[in-house]
Amino acid sequence: MSDKKLITVVGATGAQGGSTARALLRDGTFAVRAVTRDPDSDAARALANAGAEVVKADLDDEAGLTAALEGAYGAFFVTFFWAHFSPEVEQAQAQRMAQAAKTAGVQHAIWSTLEDTRRFIPLDDDRMPTLMGEYNVPHFDAKGSANHFFTDAGVPTTFLQTSFYWDNMVGFGSGPQRGEDGSLVLVFPMGDARLSGIAAEDIGKVAAGIFAAGDAYIGQTVSIAGEHLTVADMAAQLSDALGQTVTYVAVEPDAYRGFGFPGAEDLGNMFQFFRDFSDYYVGARDLDLTRQLNPELMSFREWLTAHADEIPIPPAAGEA
C-alpha cells in the first residue's frame with residue numbers, strides 16, 4: 001500500500017477535475033482517487049492507466065461521495081452547471097460534497113467556485129436582467145453562494161476562483177464564427193475591457209500546487225488566470241495561429257443575451273459583469289500567484305500553439 005497522502009478528485013473526467021487528476025499523477029507527491037459517474041469511459045481508463053484509483057460516485061448521492069472520500073487527506077470539488085442549468089441542483093451538490101468531506105474527515109478541500117455577482121449588482125439594479133427569479137449570473141451566483149456550506153461544516157477549504165477557459169473555443173462554441181460577409185469574427189459583449197482567461201489544464205496544475213503547499217492556502221480565496229487580454233488582442237492572436245483574419249465584433253450584452261442558444265442570457269450577464277467590473281475581476285486574478293503555484297502557466301499564444309488545430313472553423317460559403 002502506498003504511504004502517499006490520498007487526494008480524491010471529483011469530476012475527474014471533466015475539464016477541471018481531469019486536469020487536476022493528471023497534474024497530481026504527473027507530480028507523484030500524492031496518490032489519486034478519481035471519481036466519475038462512468039469508470040468505463042475512455043477518460044477514466046486513461047486515468048487508471050496513469051496510476052489513479054478510479055471509483056464510481058455521483059454528486060447527487062451523499063453516501064457514495066462519503067465513501068469516495070474515506071481515507072483521503074484532500075479533495076478537489078467541482079460542479080458542472082451546464083449539465084442541468086439549475087442553480088438549485090448546483091447548490092445541493094455543493095452542500096452534499098461539503099457534508100461528505102466533513103463526515104470523511106478531509107483535511108484540505110479545494111472548492112472550485114466563482115463570485116456571487118449579486119454582491120456587485122443587486123437584483124433590483126436595472127442594469128442587468130434578473131434570471132430564474134433570483135440570480136444575475138446563475139452559474140456564478142450558485143457557486144459563490146454555496147461557499148458557506150464548506151465553512152459552515154468546518155471543512156478546511158481553499159476557495160479556487162477560475163476564469164474563462166480558452167478551451168471553450170474548442171468545445172463550447174466560443175471560437176470564431178462566420179460573419180454575414182463570410183469573414184471570421186469573434187463576437188463578445190466585452191467592449192475594450194480585458195477578458196481574464198486560462199487554459200483548463202493549468203487549473204489542475206494550480207490545484208496541485210495548492211495541495212503541495214500544505215495548509216498555506218486553507219481558508220483563503222485564490223483567484224487565477226493565465227493572461228488578461230482584450231478580445232481584440234485575442235482575435236489578432238487567433239489570426240496568427242489560424243492563418244486567417246479574425247476580427248473582433250463587440251456587441252452589447254442585450255444583443256448577446258438575445259442570441260437564443262442555451263445559456264445565452266446567463267453568459268450575456270456574465271460578460272457584462274466581466275466588462276462592467278473589469279478593474280475588480282482582472283485585479284483579483286493574480287498572474288504572479290498563479291505562476292507561483294504553476295510555473296508551467298501558459299499564455300494565450302502558447303495555448304493556441306498547442307490547440308489551434310482543434311478549434312472548429314465554420315466553412316466559408318461554397319466550402320464543403
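Quick one: which residue in Ala21, Ala109 is of a type in the set (A, V, I, L, M) and assigned to a strand (DSSP E or B)?
Details: Ala21 fails: assigned to a strand (DSSP E or B).
Result of the check over Ala21, Ala109: Ala109.
Restricting to the stretch 145-163, give me the number of residues that are assigned to a loop (DSSP other than H, G, I, E, B) and within 26 Å of Phe300 (Cα to Cα).
2
Identify all residues within the stretch 152-184 that are β-branched (Val, Ile, Thr) and either within 21 Å of the chain's Cα centre (by Cα) or at positive phi (or both); write none if there are none.
Pass one, the stretch 152-184, residues β-branched (Val, Ile, Thr): 155, 157-158, 162, 170.
Thr157, Thr158, Thr162, Val170 - these are the residues of the stretch 152-184 that are β-branched (Val, Ile, Thr) and either within 21 Å of the chain's Cα centre (by Cα) or at positive phi (or both).
Restricting to the stretch 263-320, give me the number of residues that are in contact (Cβ under 8 Å) with a residue 24 or more places away in the chain, in a loop (DSSP other than H, G, I, E, B) and either of a type in the set (D, E, K, R) or in contact with a Cys (Cβ under 9 Å, 6 or more places away or on another chain) (or both).
3
Any idea which residue in the stretch 212-230 is farthest from the chain's Cα centre (by Cα), counting only those that are surrounded by 24 or more Cβ atoms within 10 Å (Cβ to Cβ) and not small (Gly, Ala, Ser)? Spell out the reasoning first.
We begin by selecting, within the stretch 212-230, every residue surrounded by 24 or more Cβ atoms within 10 Å (Cβ to Cβ); these are 224-227.
Then keep just the ones that are not small (Gly, Ala, Ser); that gives 224, 227.
Values: Ile224: 10, Glu227: 15 Å.
Going through the qualifying residues, I end up with Glu227.
Which numbered condition in (1) at positive phi; (2) without any contact (Cβ under 8 Å) to a residue 60 or more places away in the chain; (3) among the small types (Gly, Ala, Ser) is the only one that Ala235 fails?
Every listed condition holds for Ala235 apart from (1).
Return the residues of the stretch 18-56 that are free of Cβ contacts under 8 Å to residues at least 40 places away in the same chain and touching a helix residue (DSSP H, G or I) at 6+ places or on another chain (Cβ under 7 Å); say none if nothing qualifies.
Across the stretch 18-56, the qualifying residues are Val32, Arg33, Ala34, Val35, Thr36, Asp38, Ala43, Leu47, Ala50, Gly51, Val55.
Among the residues of the stretch 305-314, are any more than 24 Å from Ser183 (Cβ to Cβ), under 18 Å from the mean Cα position of the chain (by Cα) and not polar (S, T, N, Q)?
Start the filter on the stretch 305-314 by keeping residues that are more than 24 Å from Ser183 (Cβ to Cβ), which leaves 306.
Restricting the remaining residues to those that are under 18 Å from the mean Cα position of the chain (by Cα) gives none.
No, the stretch 305-314 contains no residue that is more than 24 Å from Ser183 (Cβ to Cβ), under 18 Å from the mean Cα position of the chain (by Cα) and not polar (S, T, N, Q).
Which condition does Pro39 not pass, out of (1) open to solvent by 60 Å² or more (accessible area, probe 1.4 Å); (2) assigned to a loop (DSSP other than H, G, I, E, B), if it passes all the others?
Condition not satisfied by Pro39: (1).
Would you be able to tell me the number of residues in the stretch 25-34 that are open to solvent by less than 30 Å² (accessible area, probe 1.4 Å) and either among the aromatic types (Phe, Trp, Tyr) or under 10 Å from Ala50 (Cβ atoms) (or both)?
Residues in the stretch 25-34 being open to solvent by less than 30 Å² (accessible area, probe 1.4 Å) and either among the aromatic types (Phe, Trp, Tyr) or under 10 Å from Ala50 (Cβ atoms) (or both): 3 in total.
Checking Thr151 against (1) of a type in the set (Ser, Thr, Tyr); (2) closer than 23 Å to Val206 by Cα; (3) touching a residue at least 12 places away in the same chain (Cβ under 8 Å), which test does it fail?
Tallying (1) of a type in the set (Ser, Thr, Tyr); (2) closer than 23 Å to Val206 by Cα; (3) touching a residue at least 12 places away in the same chain (Cβ under 8 Å), Thr151 fails exactly one: (3).
Go through the stretch 114-144 and report how many residues are crowded, with 20+ Cβ neighbours inside 10 Å and in a helix (DSSP H, G or I).
Let us first name the residues in the stretch 114-144 that are crowded, with 20+ Cβ neighbours inside 10 Å, namely 114-115, 117, 128, 135-143.
If we keep only those that are in a helix (DSSP H, G or I) as well, we get 117, 138-143.
The total comes to 7.
Can you tell me which residue among Gln272, Gln292, Gln244 is surrounded by 17 or more Cβ atoms within 10 Å (Cβ to Cβ) and of a type outside the set (Val, Ile, Thr)? Steps first, answer last, please.
On the way: Gln292 fails: surrounded by 17 or more Cβ atoms within 10 Å (Cβ to Cβ); Gln244 fails: surrounded by 17 or more Cβ atoms within 10 Å (Cβ to Cβ).
When all the criteria are applied, what remains is Gln272.
What single numbered condition from (1) open to solvent by 30 Å² or more (accessible area, probe 1.4 Å); (2) assigned to a loop (DSSP other than H, G, I, E, B); (3) touching a residue at least 40 places away in the same chain (Cβ under 8 Å); (4) farther than 29 Å from Lys4 by Cα fails to hold for Glu180?
Failed condition: (3).
If I ask for residues that are assigned to a loop (DSSP other than H, G, I, E, B) and small (Gly, Ala, Ser), which ones from the stretch 1-18 would you list?
The answer is Ser2, Gly11, Ala12, Gly14.
The values are calculated or read from the model by the stated rules, or taken from the named source; none is laboratory data. Note that the structure is predicted; figures quoted are calculated from it, not measured. Note that each Cβ is placed from the backbone with ideal geometry, even for glycine, and that neighbours are counted across all protein chains shown. Ligands, DNA and RNA are stripped out before the accessible areas are found, and what is left, the full protein with its side chains, is counted by its heavy atoms. Shrake-Rupley method; radii C 1.70, N 1.55, O 1.52, S 1.80 Å.
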